[in-house]
Amino acid sequence: CVTFAGHRRIDCFTDVEKQLYQIIADIIRTKEYVEFYVGIEGDFDIMAASCIRRAKQKVCDDNNSLNLVLPYSKAGMEFMEASFDSIIIPPELHGVHPKKAIALRNRWMVDRSDALITYVLGNKGGANDTMKYAIDMKKAVIKIKTTE
């Protein structure tokens, strides 16, 4: 299992997207089966889902799944169901305040993953907290770097 954490806003979109796609394509090529866990909280999450979809088309689509993990129900679930192999709302997040639920959802994804692919600048914010948690949990962390 692979999950993602990155900034809500990305300025050097092309550079990040190119690296992210290559990492995902390499994982699909080299692993027998991989589950991808993504959120939809910002640019990096949306980019990750898009790169996975493209790699499924260009590389292979029968050895992987694209799973949307939500912290709570959201409007437009019918549209989302058509865009992902599955939608997961962890039951332990039921009733949790929405702002706290996002951080807990990120931990839930890391706990169930073997690796985290991340794009984090600086040392603040939720993506950075998720990356630190993955490191603490001894997960493989693949960092996308830019000249930004």
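The values are calculated or read from the model by the stated rules, or taken from the named source; none is laboratory data. Note that this is a predicted model, so its numbers are computed, not measured. No Cβ is skipped: glycine too gets one built from the backbone with ideal geometry, and neighbour counts run over all protein chains shown. Just the protein is used for accessible areas: all its heavy atoms, side chains included, with ligands, DNA and RNA removed. Shrake-Rupley method; radii C 1.70, N 1.55, O 1.52, S 1.80 Å.
Counting only strands (runs of 3 or more DSSP E) that sit wholly inside region 1-90, those with at least 2 residues that are in contact (Cβ under 8 Å) with a residue 12 or more places away in the chain and in contact with a Gly (Cβ under 8 Å, 6 or more places away or on another chain) are 2-6, 64-69. Only residues that are loosely packed, with under 13 Cβ neighbours inside 10 Å and closer than 22 Å to Lys74 by Cα: list them for region 94-132, please. Of everything in region 94-132, those that are loosely packed, with under 13 Cβ neighbours inside 10 Å and closer than 22 Å to Lys74 by Cα turn out to be His94, Gly95, His97, Pro98, Lys99, Lys100.
When the test is whether a residue is surrounded by fewer than 15 Cβ atoms within 10 Å (Cβ to Cβ) and among the acidic types (Asp, Glu), Glu35 does not pass it.
In the set Ile142, Ile135, only one residue is open to solvent by 40 Å² or more (accessible area, probe 1.4 Å), of a type in the set (Val, Ile, Thr), without any contact (Cβ under 8 Å) to a residue 24 or more places away in the chain and outside any loop (DSSP other than H, G, I, E, B); that residue is Ile135.
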